[in-house]
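Student: So that we are looking at the same thing, I have put the structure below in C-alpha cells.
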Amino acid sequence: MTEKKQLTEPTHEEQPQRGEMASVYNPSQVEQKWYTYWEENDYFHQEVRTEAEAFSIVMPPPNVTGSLHLGHAMDNTLQDILTRFKRMQGLNTLWLPGTDHAGIATQAKVEEQLALEGKSKHDLGRAGFLERVWSWKAQYGGQITRQLRRLGASCDWRYERFTMDEGCSRAVREVFVQLYRKQLIYRGNYIINWCPKCLTTISDIEVEHEEREGQLFYLRYPVKDSEEYITVATTRPETMLGDTAVAVHPQDERYAHLIGKTLILPLIGREIPILADDYVDKDFGTGAVKITPAHDPNDYEMGLRHDLTAITVLDQEARLNENAGVYQGMERYEARRRIIEDLKERGLWLKTEDHRHAVGECYRCSTVIEPRISRQWFVKMKPLAEPAMQVVREGRIEFSPERFSKIYLTWLENIRDWCISRQLWWGHRIPVWYCQDCGAEICAQEDPDRCPSCASARLEQDPDVLDTWFSSGLWPFSTLGWPEKTPELQQFYPTSVLVTGRDIIFFWVARMIFMALEFQKEPPFRKVMIHGLILDSLGRKMSKSLGNGVDPLEVIDQYGADALRFMLVTGNTPGNDVRFHPERLEAARNFANKIWNASRFVILNVQDMEDDGQPSLSAETLPLEDRWILSRFSAACQEITRGLENYDLGEAGRWLYEFIWNEFCDWYIELAKIRLYDKEQPTAKKGAQAVLLKVLEGTLRLLHPFMPFISEEIWSHLPGRRTSLMLESWPREDCRDQTSEKEMAILMEVVKAIRNIRAEMHIAPGKKTDIIVRAADGETQRVLEKGARAITHLAGGATLEVQRELANKPVQAASAVLPLAEIYLPLKGLLDIEKEIARMEKDLAQMRQEEQRLSGKLDNESFIGKAPAEVVAKEKKKMEDVRSRQEALQARLEQLRE
RNA sequence: GGAGGCAUAGCUCAGCUGGUUAGAGCGCUCGCUUCACAUGCGAGAGGUCGUAGGUUCGAGUCCUACUGUCUCUACCA
C-alpha cells in the first residue's frame with residue numbers, strides 16, 4: 001500500500017508506572033497512559049499473516065468535521081470489542097480507521113469561517129478555496145480520531161485513511177471510468193432534488209420528508225371559448241406559472257367532455273391542454289391536477305408521457321425567474337401570496353383548505369427542496385441493484401438482526417437512479433472533460449492533455465464533484481489498496497463484519513454492497529451488524545435543536561471510558577435503541593469499582609505466593625468452592641464467547657457482570673478468606689491463592705474487550721512479568737463440574753436460609769449463633785458436614801451440627817425447611833413463637849400453591865401421555881419435594897403449637 | 001398509504017429454539033463503618049407478562065385481530 005507508513009520495529013516502551021491501588025478506582029489516572037502504551041508499542045498493528053484466519057472490520061468513517069457523539073461511541077465500542085476479542089483469539093486482525101471528507105458539511109464549515117472574514121469562496125477561487133479546506137482539515141480534522149483514542153479504540157492507525165487521500169481517490173476514478181464505459185454512469189437532463197440554500201443537487205435519500213400543516217389552494221382555470229372553468233387543487237400555487245397542462249382521470253365523468261379542450265392559464269394567458277391520465281386520483285381535491293413538468297417529479301413523468309414542454313419558473317435560489325412575468329425576482333413564498341391575491345382579484349380563487357402533507361427538506365440545512373430539471377450525472381441502478389439483492393437473499397451477506405434485510409431489500413426493489421453530481425468544490429471532481437473545440441466528452445483515469453478526437457488542448461473538466469457517498473461506497477476495498485492487488489486486499493477482503501446504525505443502511509451499506517459486487521465480484525463483508533440509536537432518557541433522539549445531546553468526552557471524564565463502553569453495549573438487545581440514563585452509567589462505574597476492589601483483594605492476598613511450585617489445580621484435591629468457581633468460570637467463558645460470536649454483546653456483558661459480582665465476589669472471595677486467614681493451614685492457603693489468581697487472570701481476559709483500560713491496569717499489577725493483556729490469548733475453558741455446582745447450590749441455599757432467619761429475627765450481625773441442620777439424605781449430610789466451615793463463616797454461625805435424624809427437635813429455635821434440609825437456630829427464650837408460626841405458615845401456603853399447580857399438571861392425563869418423559873419426571877420430582885417440605889413444615893407447626 | 005420495532009416489578013430493560021417458583025440494575029423497606037469495595041454488605045417488599053381470541057398436554061415465549069407507542073418508507077397534487 002502506497003500510503004502506509006514505513007514499518008518500524010516496535011520499541012517496546014516500558015510499561016507505565018503502576019499506580020497505588022487505591023480503594024476507589026480512578027479511571028482518569030490510568031486510561032491515557034495505557035492507550036499511549038498500546039499505541040506506541042504498535043499493539044494495534046498486525047502484519048498480514050496469510051496462514052492465519054483473518055478478521056477485519058472497516059470503521060464507518062466519521063466526518064472529518066465531526067466530533068464524537070454517543071452514536072459513534074457505541075458503534076466503535078462494538079467494533080472494538082469484536083476486534084479485541086478476535087485478536088485475543090489469535091486471528092490476523094485488522095480494524096481499519098478513517099474519516100470521510102463529507103462534501104457539503106465540510107465545505108459549509110469552511111465557508112462559514114470565510115464569512116467571518118467577510119469573504120466568500122468565490123473570492124478565493126476554486127483552487128484557493130480547496131487549499132483552504134485542506135488546511136482546515138489538517139488543523140481540525142484530527143479531532144474525532146483523537147476522541148476515538150479516548151474511547152480505547154484499538155484500530156490500526158497505520159492504516160488510517162481519508163476518502164480523499166490519494167489511494168481512495170484513485171479508486172474513485174477507476175470506478176467512475178469503468179462504470180462510465182459500461183454506461184452504468186450517464187449524464188442527462190432530468191428532474192432532480194435541488195437545495196436552494198446549499199445550491200446543489202441532492203439524492204433522493206438525502207431528502208427528508210417532514211409532515212407539516214400546509215394549505216391546499218383551489219384555483220379556477222377558464223376553458224377557452226367557454227364560460228366553463230376547471231378547478232384544480234394545489235399546495236404550491238407559485239408553480240402555476242409553469243403549468244403546461246391540466247390532467248384529469250380518463251374515467252372521470254365530470255370532466256369527460258373537457259378532455260382535449262384548451263385552458264387559458266390565468267395570470268400568464270398561456271393556452272394549455274386538458275388531458276387524461278391514469279395517474280390522477282379522482283377523489284383527491286377536485287380530480288383535476290395542474291401539471292408543472294419543471295417543478296414536480298410526477299408532473300415531470302406525465303410531461304414525458306404526453307410530450308409536454310417544461311417551463312422552469314424558479315431559479316437556483318428558488319426565486320421566480322424571467323418566465324414568471326411580473327413575479328420575476330420574488331422569493332417563492334412571497335410569490336405564492338401574491339399569486340393567490342391576484343387570483344382572488346380576478347375571481348379565479350375558489351378556496352383554501354388546511355392540508356397536512358409531507359414536504360421534502362434538505363437533510364443538511366432543512367431548506368425545502370425544489371425539484372427542478374437539470375443536467376446531472378447518474379448511476380444506473382437496476383443492473384447494480386439486482387446482484388445486491390441476490391447476495392442478501394442467498395444469505396451470502398447476513399444482516400443481524402435479520403429483520404433489517406427486509407428493509408434493505410424493499411429499498412433496493414424500488415430503487416431509482418442515483419444522482420451523483422454535486423455543485424460543490426470539495427469532493428472528488430468528476431473525471432470527465434469536454435473538448436471546447438470539437439465537443440468531445442472524455443472520461444479518463446488520468447487527466448488528459450489533449451482531446452483524443454481533435455487533439456485540441458482546450459479541455460475543460462466537468463465542474464461538479466461526486467456525492468460523498470460515492471467514495472464511501474468503495475471504502476471496504478479502496479482502503480485496502482484497490483485497484484492494486486495488495487497483500488492487505490487479499491488477506492482482509494472481504495471484511496468480516498460491518499457494524500453500523502440502521503439509519504445508514506441505504507446511504508452506505510447498500511452502496512458498498514453493489515459497488516463491491518461490481519468491482520470485486522465478492523461481497524464487501526459477510527455480516528452486517530445493525531445497532532440502534534442512542535436516545536435520551538425520555539426516549540427522544542438526541543439532537544442539537546432539542547439540546548439533549550450528551551458529550552461522550554464529558555462522560556469519559558466523569559465516569560471513565562470503560563464505564564461508558566459497558567453502559568453502551570449492555571442492557572439491551574441487538575438492533576434496539578438504547579436510552580441514556582445516568583444511573584446506568586453509575587452502575588457501570590460501580591461495576592468497574594467492584595472489579596477494582598476484588599482485584600485489589602486478590603493481589604494483596606497473593607503477594608506472599610512463591611513463584612516456584614504453583615499448586616496443581618487439578619480435580620479432586622481441591623475443596624468444593626474451588627471446583628465450583630472453576631466450573632462457573634468455565635461456564636462464563638463459554639457463554640461470553642458464545643455471546644461474542646453471535647454478536648450478542650449485551651448477553652456477553654451480562655454474563656461478565658453476573659459472574660464477577662454474584663459468583664466470584666459474593667461467594668468465592670468470601671469463601672477463600674477462610675483459608676487465606678487461616679495461619680494453621682499454609683498449604684490450604686496456597687490452594688486458595690492459586691485459584692483466586694487463576695480465576696482473576698482469566699476473568700480479566702474475558703473482561704478486556706469490554707473494559708480494556710481497567711483490565712489492563714489490573715493486569716499490570718498481577719504478579720509475574722506481563723507485557724500487555726491485549727496481546728494475551730482468549731481463555732478456552734471446558735471444565736464444567738456439575739457435581740460441585742450441585743453441592744455448592746445446597747450450601748448456598750442453606751446459607752441464605754440462615755441469613756434470612758437472622759435478618760427476620762433481628763439477630764445482631766456480629767452475634768454468632770449455633771446452627772442445627774437435619775439433612776434429608778446421606779449425600780446432603782456429607783456435603784453439609786464438609787461445608788460446615790463455609791456455612792458458619794458465611795452465615796454467622798458459631799457451631800454447626802449436622803444430623804441425619806433429629807432425636808429431639810429443638811423447640812426454642814427459629815427454623816426453615818428447605819428441599820434437602822431443615823435448619824434450626826436455637827434461640828433460648830428469645831423466640832417469638834407467634835412470629836415463627838406465621839413464618840412457617842407463609843412457607844406452607846406457598847408450598848400448597850405450588851402443589852396445586854403441580855397436581856394440575858400431573859393429574860392431567862394428556863400431560864402424562866403427551867409431554868416428553870423427562871418433563872413428566874421432572875414435575876414428579878418437584879411434587880415429591882413439595883410434599884416432603886409440606887410434611888416437615890406441618891410437623892414443625894404442630895410442634896410449635898404444642 | 002405501506003413496512004417494521006416496542007408493550008414484562010415504580011423506572012430502564014433481560015427472558016435464545018414453548019416446560020424455571022418470571023429475572024437484573026436503579027428506586028423502595030429493614031439491618032449493617034464485617035480487616036477488597038458504603039461506587040459497599042446482608043435480608044426483603046413489589047409483576048393477572050397491553051387487550052381479546054387461537055394452536056398446544058403446556059404460552060411471557062408461536063399464530064390472528066385489536067389498542068397504545070416509536071421509527072422508517074411512499075410521487076397523491
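The values are calculated or read from the model by the stated rules, or taken from the named source; none is laboratory data. Since we're looking at a predicted model, the values are computed, not measured. We place every Cβ from the backbone using ideal geometry, glycine too, and count neighbours over all the protein chains shown. For the accessible areas, the whole protein counts, side chains as well, though only heavy atoms, and no ligand, DNA or RNA atoms are used. Shrake-Rupley method; radii C 1.70, N 1.55, O 1.52, S 1.80 Å.
Student: Of A:HIS45, A:ALA335, A:ALA561, whose Cα points farthest to the positive end of the dipole of chain A (charges on the beta-carbon: +1 Lys, Arg; -1 Asp, Glu; origin at the Cα centre)?
Tutor: A:ALA561
Student: Work out from phi, with θ = phi - 60° and the Karplus expression 6.51 cos²θ - 1.76 cosθ + 1.60, the ³J(HN,Hα) of each residue of region A:326-335, listed in order in whole Hz, and give x for Gly and Pro.
Tutor: Here the 3J(HN,Hα) series is 5, 8, 3, x, 7, 6, 4, 7, 4, 4 Hz.
Student: Tell me, what is the 1.4 Å probe accessible area of A:GLU413, in Å² to the nearest 10?
Tutor: A:GLU413 exposes around 90 Å² with every protein chain in place.
Student: Just from its helices, what would the mean residue ellipticity at 222 nm be for chain A, if runs of 4 or more DSSP H residues each count -39500 (n - 2.57) and the sum is divided by every residue, rounded to the nearest 500 deg cm²/dmol? All intermediate terms of the calculation are to be shown ahead of the outcome.
Tutor: Values: 28 runs with 377 residues, N = 898.
The helix-only estimate for chain A comes to -13500 deg cm²/dmol at 222 nm.
Student: Another question, then. Sort A:GLU733, A:GLU870 by accessible area with a 1.4 Å probe, largest first. Working shown, then result.
Tutor: On the way: A:GLU733 45, A:GLU870 145 Å².
Output order, biggest surface exposure first: A:GLU870, A:GLU733.
Student: What angle do you read, to the nearest 10 degrees and between 0 and 90, between the alpha-carbon axis of helix A:833-858 and the longest principal axis of chain A?
Tutor: Around 60 degrees separate the two axes.
Student: Evaluate E = 1/(1 + (r/R0)^6) for A:ASN189 and A:GLU131, where r is the Cβ-Cβ distance and R0 equals 30 Å; express this FRET efficiency to the nearest 0.05. It would help to have the intermediate numbers written out before the result.
Tutor: Numbers: r = 33 Å, r/R0 = 1.11.
After rounding, the FRET efficiency stands at 0.35.
Student: Continuing with the same structure: Determine the order of A:PHE514, A:PHE863 by accessible area, beginning with the largest, at a probe radius of 1.4 Å. Present the calculation step by step, with values, prior to reporting the outcome.
Tutor: Details: A:PHE514 5, A:PHE863 35 Å².
Putting A:PHE514, A:PHE863 in descending order of accessible area: A:PHE863, A:PHE514.
Student: Of A:SER496, A:TRP730, A:GLY325, which is farthest on the positive side of the dipole of chain A, counting Cα position, with +1 on Lys and Arg Cβ, -1 on Asp and Glu Cβ, and the Cα centre as origin?
Tutor: Comparing the listed Cα positions along the dipole, A:TRP730 ranks first.
Student: On to the next question. Give the angle, between 0 and 90 degrees and rounded to the nearest 10, that separates the Cα long axis of helix A:297-306 from the longest principal axis of the Cα atoms of chain A.
Tutor: Rounded to the nearest ten degrees, it is 40.
Student: Follow-up. Would you please classify the overall shape of chain A from the alpha carbon gyration tensor, given that a ≥ b ≥ c denote the square roots of the eigenvalues, rounded means a/c under 1.5, and beyond that prolate means a/b larger than b/c while oblate covers the rest?
Tutor: prolate
Student: Within the accessible area of region A:581-699, what % is carbon and sulfur when the probe is 1.4 Å and the other protein chains stay in place?
Tutor: For region A:581-699, the apolar C and S fraction of the accessible surface comes to 47 percent.
Student: Can you give the Kirkwood hydrodynamic radius for region A:321-377, in Å, rounded to one decimal and based on Cα pairs?
Tutor: Working: mean 1/r = 0.0705 Å⁻¹.
Across region A:321-377, the inverse of the average 1/r is 14.2 Å.
Student: A:ALA294's amide H: which non-local residues (gap 5+, or another chain) put their own amide H closer than 5 Å, with H modeled 1.01 Å from N in plane and none for Pro or chain starts?
Tutor: So A:ALA294 has HN proximity to A:ILE311.
Student: Another question about this same structure. As a test of reading the structure, rank A:GLU484, A:GLU728 by solvent-accessible area (1.4 Å probe, protein chains only), most first.
Tutor: On the way: A:GLU484 80, A:GLU728 50 Å².
The ranking, largest first, comes out as A:GLU484, A:GLU728.
Student: Given the peptides A:815-827, A:465-477, arrange them by the average over their residues of other C-beta atoms within 10 Å, most packed first.
Tutor: On the way: A:815-827: 21.4, A:465-477: 25.4.
Result, highest mean Cβ count within 10 Å first: A:465-477, A:815-827.
Student: Same structure, new question: If one takes the longest principal axis of the Cα atoms in chain A, at what angle in degrees, from 0 to 90 and to the nearest 10, does the Cα axis of helix A:582-605 lie?
Tutor: It works out to around 40 degrees.
Student: Taking the Cα centre of chain A as the origin, how large is its charge dipole in debye, to the nearest 20, when only Lys and Arg (+1) and Asp and Glu (-1) carry charge on their Cβ atoms?
Tutor: Numbers: 116 positive and 138 negative charges, 179 e Å.
With Lys and Arg at +1 and Asp and Glu at -1, about 860 debye.
Student: Given the convex hull over the Cα atoms of region A:686-773, what projected area results after averaging over all orientations, in nm²? Let's see the in-between values first.
Tutor: Working: hull surface 37.5 nm².
Projected area, direction-averaged: 9.4 nm².
Student: What percent do you get for the relative contact order of region A:333-479 when only Cα pairs under 8 Å and 6+ apart count? List each step's numbers first, then the result.
Tutor: Numbers: 140 pairs, mean separation 25.9, N = 147.
After rounding, I find 18 percent.
Student: Can you grab the distance from the C-alpha centre of region A:268-302 to the C-alpha centre of region A:798-855, Å, no decimals?
Tutor: 86 Å
Student: Nothing charged except the Cβ atoms of Lys and Arg (+1) and of Asp and Glu (-1): what's the magnitude of the dipole of region A:138-194 about its Cα centre? Round to the nearest 20 debye. Don't skip to the answer; put the middle values down first.
Tutor: Working: 10 positive and 5 negative charges, 14 e Å.
That gives a dipole near 60 debye.
Student: Can you work out the FRET efficiency for the pair A:THR235 and A:TRP411, with r the C-beta to C-beta distance and R0 = 22 Å, to the nearest 0.05? Present the calculation step by step, with values, prior to reporting the outcome.
Tutor: Numbers: r = 26 Å, r/R0 = 1.20.
Efficiency, rounded to the nearest 0.05: 0.25.
Student: For chain A, what's the relative contact order in percent, using C-alpha pairs closer than 8 Å and at least 6 residues apart?
Tutor: Working: 1515 pairs, mean separation 109.6, N = 898.
Computed over chain A, the figure is 12 percent.
Student: Bin all alpha-carbon pair distances of region A:421-471 at 5 Å intervals from 0 and give each bin's fraction as a whole percent.
Tutor: Histogramming region A:421-471 at 5 Å steps yields 5, 24, 26, 19, 14, 9, 3, 0 percent.
Student: Moving to a separate point now. How big is Rg to Rh over region A:708-855, alpha-carbon atoms, Rh as the Kirkwood inverse-mean-distance radius?
Tutor: On the way: Rg = 21.1 Å, Rh = 18.2 Å.
When Rh is taken as the Kirkwood radius, the ratio is 1.15.
Student: Using Cα pairs closer than 8 Å and at least 6 residues apart in sequence, work out the relative contact order for region A:697-832, in percent.
Tutor: Values: 170 pairs, mean separation 30.0, N = 136.
Once divided by the residue count of region A:697-832, the mean separation gives 22 percent.
Student: Which residue, chosen from A:TYR408, A:GLN520, A:SER543, occupies the Cα position most advanced towards the positive end of the dipole of chain A, where the dipole is computed from +1 (Lys, Arg) and -1 (Asp, Glu) charges on Cβ about the Cα centre?
Tutor: Positive-end residue among those listed: A:SER543.
Student: In Å², what does the accessible area per residue of chain A work out to with a 1.4 Å probe? Write out the running numbers ahead of the final one.
Tutor: Details: 40480 Å² over 898 residues.
Accessible surface, normalised per residue, equals 45 Å².
Student: Past the 17 angstrom mark, what percentage of all C-alpha to C-alpha distances in region A:607-755 do you count? Kindly include the intermediate steps, with their values, before the conclusion.
Tutor: Details: 7088 of 11026 pairs.
Counting every Cα pair in region A:607-755, those more than 17 Å apart make up 64 percent.
Student: Also, I was wondering about something else. So, R0 is 60 Å and r is the distance between the beta-carbons of A:ARG782 and A:SER366; what FRET efficiency does that work out to, to 0.05? Provide the component values of the computation, followed by the final result.
Tutor: Values: r = 75 Å, r/R0 = 1.24.
Working from the Cβ atoms, E equals 0.20.
Student: For region A:665-768, give the magnitude of the charge dipole about the Cα centre (Cβ charges: +1 Lys/Arg, -1 Asp/Glu; no others), in debye to the nearest 20.
Tutor: On the way: 17 positive and 15 negative charges, 86 e Å.
Charge dipole of region A:665-768: 420 debye, to the nearest 20.
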